[in-house]
1. Suppose we filter segment 437-460 for residues that are more than 16 Å from the ligand (Cβ to nearest atom) and closer than 24 Å to residue 203 by Cβ; how many remain?
2. Take the conditions modelled with pLDDT under 95, within 12 Å of the ligand (Cβ to nearest atom) and touching a helix residue (DSSP H, G or I) at 6+ places or on another chain (Cβ under 9 Å) and apply them to residue 208. Does it pass?
3. Just for segment 177-198: of the residues that are within 14 Å of the ligand (Cβ to nearest atom) and not in a loop (DSSP other than H, G, I, E, B), which one is surrounded by the fewest Cβ atoms within 10 Å (Cβ to Cβ)?
4. Tell me, which residue of segment 1-39 that is within 15 Å of residue 82 (Cβ to Cβ) and in a loop (DSSP other than H, G, I, E, B) is modelled with the lowest pLDDT?
5. Going by the structure shown, is residue 401 more than 15 Å from the ligand (Cβ to nearest atom), in a loop (DSSP other than H, G, I, E, B) and in contact with a helix residue (DSSP H, G or I) (Cβ under 6 Å, 6 or more places away or on another chain)?
6. Identify all residues within segment 142-176 that are outside any loop (DSSP other than H, G, I, E, B), away from the ligand (no atom under 12 Å from the Cβ) and in contact (Cβ under 8 Å) with a residue 60 or more places away in the chain; write none if there are none.
7. Take segment 415-444 and flag every residue that is under 24 Å from residue 358 (Cβ atoms) and not in a helix (DSSP H, G or I).
8. Which one is farthest from the ligand (Cβ to nearest atom), of the residues in segment 113-141 that are over 16 Å from residue 335 (Cα atoms) and not in a loop (DSSP other than H, G, I, E, B)?
Ligand code: FDA
C-alpha cells in the first residue's frame, strides 16, 4: 500500500492504474509468479528456497521508473533491475535482503534507421528482436552482440556484450552512441545531460550500479550478403590430431583474418571406450566458402576444413544457426521469448588466456576434464578489432594481448542437490587447475559471465575493499574511475547488488 500510494502520488496517476503495474507476493500471486518466472534463465534460482522480491514493478512509462526509484528509496527498500534475466548468478532477481524488483519487459521498442545506420533499442528488448528488426530493414546490416537471442539488451549492453562479430567489430559497447537513463533522483538523462563520465561507465561498467538504463542508441555495422558457417568436431580417442589442432588454434585464432571467428568448444563426452574429450571448432566467416577454405588451407591445415563442411547463408540466418547449430530455422524464432521454454540449471566462470598452452599442458587438461565430470570450456578468440581499442576506452579492459576468453560451463537439467554439488565443485576445481595457464595479477574475468565466487560486496564499511576484489578482475585499472563516477552520481549507494561498483570510502 505504501508503494502504491507513493507511486500514484509521484506520477499523479490513479491508484487503480498503478496497481496494474505492481505484483505482490501473496497478494496477486498469479501475476507475481508468472512475471517472476517468465525471465528466470537459471533454474538454480527458481526454487522454493530462492529469496524472491516482495513486489515486482512492471513500468509502462518512464515516469513509473522514476517513481519506482524515488519511492523504493523513501521506503528504504533495495531495488533490483531486470531486463532479460540472463544474469548467470541471478543478481537481477535474487537478494538475501528484502527487495523490490523493477522488471523492464514492457520497455522493448526498437527503432532502426538505415539512413543513419543507427537504432534506438529499449532495455527490455532481446538481442534476437534487435537482430530481426535490423534484418527487416536491411540484410546488409547487423549488430555485434551475443549469440543467444533471448539475452536482454539492458544487462548485455551495460556489461560489455560480445558475439561472433567480435574480431571484426569489437564489443557491443564499442557501438553505443547515446543512452537514456533514470538516475537516483528520478531524472531522465541522455548522453548530453548525463555527461561523458557516466556515459563511459554504463558502457561496460555493469547495469545496476549507476541508474536504470531505459534505452541505448547503437551504431549498426555492415555485414556481407553472404556469410559462411562451419562446425568441425575432433575427438581425442579417434586419432583426429585433436591436441595438435587445439594447440595450433591457440597460436593463431587471434591472428587470423578479422572476418573470421572460430570458437572452440571443449567438452567431455561419452565414447565407445567410456569417456573422452571432444573439440568442436564452430565458425562464422564474413565472406564466401571458397575464400574461407583457402584461408584455412594456408593458416590452419590441421583443421582439415573442406568445402563440404561449409554452409553459406545470410547473416540473419547465421544468428539462428549459432543458437542451435542447425540450418533452416525460421528467422521468426528470434522473436520467441521462451525459445521452447527450455531452462537449465547453470554455473559459469571465466578466464583469459594470454599465452598458448603447450601440448603437454593440453594433455593434462584433457585428463583433468575427464576427472572433473561434465564441465565444458568455450574458448572465444580475441585479436582483430579488440586489439585496436584501448583498455581504457570503455570499462571493459580485456583487449590487446589476449588470445581468447574462456567460459567454464556446467549445465544440468534435473533438480538434484547431489548433481548441483558435483557440478559446482567440478567447475571450481577445473578453474583452480587452469590457474597455471591463464591471466594473472589480476586473474581477469568477464562481467557478463557473472561469477559470485570471485567476491561479493556486503556494502558495509569494507565496501570499497570488497569491491576491489572482484572489480579489479572485471575492470582492472578502470575500477577506480568507475568508483569515482559511482561516488559522484550515487553517493548513498542506492543502486547496488552483490557485485556492484562501491563508492569511495568517506
Ligand atoms: P539481467 O536482466 O539478469 O541483468 C543483468 C545485470 O544487469 C543485473 O545486474 C541487472 O540488475 C542489470 N541490469 C539489467 N537491466 C538493466 C537496466 N535496464 N538498467 C540497469 N541495470 C540493468 N554474454 C555475451 O557477452 N555473449 C553471449 O553470447 C552471451 N550468451 C548468453 C547466453 C545465455 C543463455 C545466458 C544466460 C547468458 C549469456 N550471456 C552472453 C551473458 C549475458 O550477456 C549477461 O548475463 C547479461 O548481463 C544479460 O543481460 P540481461 O538483461 O538478460 O540480464
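The values are calculated or read from the model by the stated rules, or taken from the named source; none is laboratory data. Model, not experiment: these values are computed from the prediction. Cβ coordinates were reconstructed from backbone atoms using ideal geometry, including for glycine residues, and neighbour counts include every protein chain displayed.
1. Residues of segment 437-460 that are more than 16 Å from the ligand (Cβ to nearest atom), as a first pass: 437-443, 458, 460.
After this cut, where a residue has to be closer than 24 Å to residue 203 by Cβ as well, the list is 439, 442-443.
Looking only at that region, the number is 3.
2. Values: modelled with pLDDT under 95: yes; within 12 Å of the ligand (Cβ to nearest atom): yes; touching a helix residue (DSSP H, G or I) at 6+ places or on another chain (Cβ under 9 Å): yes.
Here the answer is yes, as residue 208 does meet what is asked.
3. Checked segment 177-198; the qualifying residue surrounded by the fewest Cβ atoms within 10 Å (Cβ to Cβ) is 188.
4. 39
5. Working: more than 15 Å from the ligand (Cβ to nearest atom): yes; in a loop (DSSP other than H, G, I, E, B): yes; in contact with a helix residue (DSSP H, G or I) (Cβ under 6 Å, 6 or more places away or on another chain): no.
No, not satisfied.
6. First, the residues of segment 142-176 that are outside any loop (DSSP other than H, G, I, E, B): 142, 152-158, 166-169, 172-176.
Adding the requirement that they be away from the ligand (no atom under 12 Å from the Cβ) leaves 142, 167-169, 174-176.
Hits for segment 142-176 are 142, 167, 168, 169, 174.
7. Listed by number, the residues that qualify are 438, 439, 440, 441, 442, 443, 444.
8. From segment 113-141, those over 16 Å from residue 335 (Cα atoms) are 113-120, 138-141; that's our starting set.
Checking which are not in a loop (DSSP other than H, G, I, E, B) leaves us with 113, 118-120, 141.
Details: 113: 22, 118: 19, 119: 16, 120: 14, 141: 19 Å.
For segment 113-141, the residue satisfying everything is 113.
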